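Notes for the one structure printed next.
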Amino acid sequence: LCLQVGDTVHILEKLEATFPGSYCSLLAPGSQQEIIIPADLPLVQELGATLREWAQIWQTLYVANKAILFRGVQQMSYSLIEYRSQIVSGTLPKDDLVELKKKVTAKIDYGNRILGLDLVVRDEAGNTLDPDKTSTVSLFRAHETASRSVDDRIQEEKTRLQNLEMRRQTLFSTVHTYSLLMNLKNFVCNIGEDAELLMSLYDPDQSEFISENFLVRWDSTGMPKEIEKLNNLPALFTDLSSSDLMRQRVFLVCQIIRVGSMELKEGKKHTGGLRRPFGVAVMDITDIAHGKTDDEDKQHFIPFHLQRVLLVFASLNLFTCLLPGLFVTLKLLAGDLAQVRKDYPHLVDRSTAIVRKMGFPEIILPGIVRNDIYVTLLQGEFDRGKKKTPKNVEVILSVHDDEVIFPGAGYDGITEYKSVIYYQVKQPCWNETVKVTIPIEDVCRCHLRVLFRHRSSQDSRDKSEKPFGMAFDRLMRRDGTTLKDGRHELIVYKVDVKKTEDAKVYLTLPATWAEVEEKEKQTGKPFHHSGVIPVTKDTFQIATLTCSTKLTQNVDLLGLLNWRSNPEDLGQILQRLMEVEGAEIVKFLQDTLDALFNIMMETSEKDTYDSLVFDALVFIITLIGDIKFQHFNPVLETYINKHFSATLAYMKLTKVLNHYVGHAEEPALAERLYAALKALKYLFRFIVKSRVLYLRYPRRSIQNNPLSLSCCKITTAILAFFRSLISVLLAKFIESIPDLQLVRQKLGCMCKMVESDLFRQPGRSP
């Protein structure tokens, strides 16, 4: 027995050696006894007892690693806690309370059954039956009724899960791109200062963010800065692939940044406008991402998880009846941005912020242009200098172009971005990501510049503080490729106001320690900095991710896209193209195909590069046929139908193909021919499309040339006269294929022949 001092024990029977009677004070019959009458409703008491019992089982399930049942008990417990808070609030109308009571009892009985606990027998109103006041027959009938009801509930749950699984399989088997619609209904937290909410999707197993940030600004009165969006702040997380959603775990993370003084204290002398970390809210949305939930209109409450925030609230007496947190709704939609806008115009309108994935979608359709560079401020280590304590470092990121930095979707670009400030931390870790969007033609002249400044909590001291360090990095390398994805350790230079303002001065210096190492390898000498700006002992790291359909990080692919600048190296360029990774080629599929066919068109009078272009085209078609990139087949189809325009390509392609077939015995061409036959479907698609485009070309040259007109008439006459010869050739073609090979393809070919006009012609001997 779990007893405490002061508890009343009702002894029903006294036996030997069952419980030490010396610990209990026996009351004489007829004496006054303390009777405790609970203030809560019986249902509330039952909820509390059930939750305490389930909590012990929940811990046991976690230790036993029974993940599915563990998560099921967790969700049911959360539901009961929510129901209990609604009942205790006392604000529910009588009808709603009766309906809620039925939900609670059904949930408790269902949970007890799947956990193997005793079934509670109830009456029709959901009240627990008293065995002392209910007959045995009535108890038995009520038990049977309750048992059938629970069995029906379990069967309904199984059916619901089966329907959800079928819906999920249908959804993920037919669509390649998805969107997640989130609507921020409310932000419950009286900070007393302006705040920024940064919401994004996160993979906890890979420790990486999936999407960019959705930014919402909140004022000091606890209202959104755009008051017309109160209770309606929608954001669409788009470009998500099935692999993104089917991760083991997906979280919705909200970072709360306080914008004000260094500490939550009132005073006019304190520095204002500082971005300080305040809290974080996290919600596991794995079931929603996997399509395993059917309650898409439900409002989810996401509480803050930061002990320091709770301590601040307690010290400032800011606690209210509501725990600080967010109210959001989430809905998974099939399709990309264009498809979602078409299918759900009532959900996605002009006010909806578009939150892009930090990466490419599973399919990049031709004509889509994107040029985003994501820059993450990672970490640094800064010398305290003459100060007794570490510095309060603020990082100021700028790009030498106006309004191209986007801290989050939902707001226009800014010229410079100021980081969060950590109070007296020697090695701050920021992990703040911003998007840099620059016109493609301007990337070559832009670079990142980072300034480091100590911020004082006193306004008078802060005004005299100047930047103590500077770092930079170029967005485009000297060979024309963009900044490599990944981490970059920047060199921190000492700030000289005159020299650091002139980009021409510091751009001649190395930007990263990787550049220094590369230079040392080339020269064979150790690096000695003798530049006009001294280097500090501080260290700083950033990470970049380029999502561009026009700028590549591969030198060989860049050589093909810019082949006109080096026409003498065209042979080597085409050879190196077939060594480029497939993932890089499919990102630039339209530009790569355009470049190949432009080479064909612009060298139509020569046949120097015909074989190389043909082999490169076969390489790309084979690449898309690979299972890893097979979802790009619709992209290739779209390119052929809507973007392909090479009217003379059919001549070159048929010429090279005929050459390979005619010299199949040569070992050097046998492998090329085999690869071409595997890509024959799309080769003929290109040939036919090119010929059709050629015939659609303005016919003035043909009309004005009697010889060309005569040739056209002769060709038509030959085709009509030699139909029987074509029939014989087709028959020989079918017969030449071995009997047990390509059976399905032969049958398909014969079906097409039977359906053609050739089969309807009267038979003649050739």
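The values are calculated or read from the model by the stated rules, or taken from the named source; none is laboratory data. All values derive from a computational prediction rather than experimental measurement. So basically every Cβ, Gly included, is an ideal-geometry build from the backbone, and we count neighbours across all protein chains shown.
Things to note:
- For region 634-653, the condition of being farther than 18 Å from Leu693 by Cα, modelled with pLDDT under 90 and in contact with a helix residue (DSSP H, G or I) (Cβ under 7 Å, 6 or more places away or on another chain) holds for at least one residue.
- Selected residue (only one of Val355, Val375, Val393, Val340 is at pLDDT 90 or above, surrounded by 14 or more Cβ atoms within 10 Å (Cβ to Cβ) and either touching a His at 6+ places or on another chain (Cβ under 8 Å) or within 30 Å of Gln86 (Cα to Cα) (or both)): Val393
- Any pair with Cβ under 8 angstrom, 6 or more apart, that starts in region 613-641 at a residue that is touching a residue at least 24 places away in the same chain (Cβ under 8 Å) and in the same structural domain as Pro567 (by TED's automatic domain parsing) and ends at one that is charged (D, E, K, R) and outside any helix (DSSP H, G or I): His631/Glu362
- Qualifying residue in region 531-541 (condition: touching a residue at least 60 places away in the same chain (Cβ under 8 Å), among the hydroxyl-bearing types (Ser, Thr, Tyr) and surrounded by 13 or more Cβ atoms within 10 Å (Cβ to Cβ)): yes
- Selection count, region 551-570, where residues are touching a helix residue (DSSP H, G or I) at 6+ places or on another chain (Cβ under 8 Å), surrounded by 15 or more Cβ atoms within 10 Å (Cβ to Cβ) and either modelled with pLDDT of 90 or more or not polar (S, T, N, Q) (or both): 8
- Residues (part of a loop (DSSP other than H, G, I, E, B) and surrounded by fewer than 22 Cβ atoms within 10 Å (Cβ to Cβ)) located in region 586-626: Thr603, Ser604, Glu605, Lys606, Asp607, Thr608, Tyr609, Asp626
- Here Ile533 clears all of (1) in contact with a strand residue (DSSP E or B) (Cβ under 6 Å, 6 or more places away or on another chain); (2) at pLDDT 85 or above except the condition numbered (2).
- Qualifying residue in region 213-232 (condition: modelled with pLDDT under 95, surrounded by 20 or more Cβ atoms within 10 Å (Cβ to Cβ) and of a type in the set (Ser, Thr, Tyr)): no
- Residue under evaluation Arg217, criteria (1) closer than 16 Å to Gly325 by Cα; (2) without any contact (Cβ under 8 Å) to a residue 40 or more places away in the chain; (3) of a type outside the set (A, V, I, L, M, F, W, C), criterion not met: (2)
- Residue within region 252-263 that is modelled with pLDDT under 90, of a type in the set (Ser, Thr, Tyr), in contact with a His (Cβ under 7 Å, 6 or more places away or on another chain) and surrounded by fewer than 21 Cβ atoms within 10 Å (Cβ to Cβ) present: yes
- Condition broken by Arg576, with the remaining ones in (1) at pLDDT 85 or above; (2) out of contact with any helix residue (DSSP H, G or I) (no Cβ under 9 Å at 6 or more places or on another chain) satisfied: (2)
- The listed residues are Thr549, Thr512, Thr544, and the only one of them that is in contact with a Gly (Cβ under 9 Å, 6 or more places away or on another chain) and either not small (Gly, Ala, Ser) or not assigned by TED's automatic domain parsing to the domain that holds Lys435 (or both) turns out to be Thr544.
- Residues within region 233-291 that are part of a strand (DSSP E or B) and of a type outside the set (A, V, I, L, M), tallied: 17
- Cβ-Cβ contacts under 7 Å between residues 6 or more apart (or on different chains), taken from a first residue in region 1-12 that is part of a loop (DSSP other than H, G, I, E, B) to a second residue that is loosely packed, with under 10 Cβ neighbours inside 10 Å, are listed as Thr8/Glu34.
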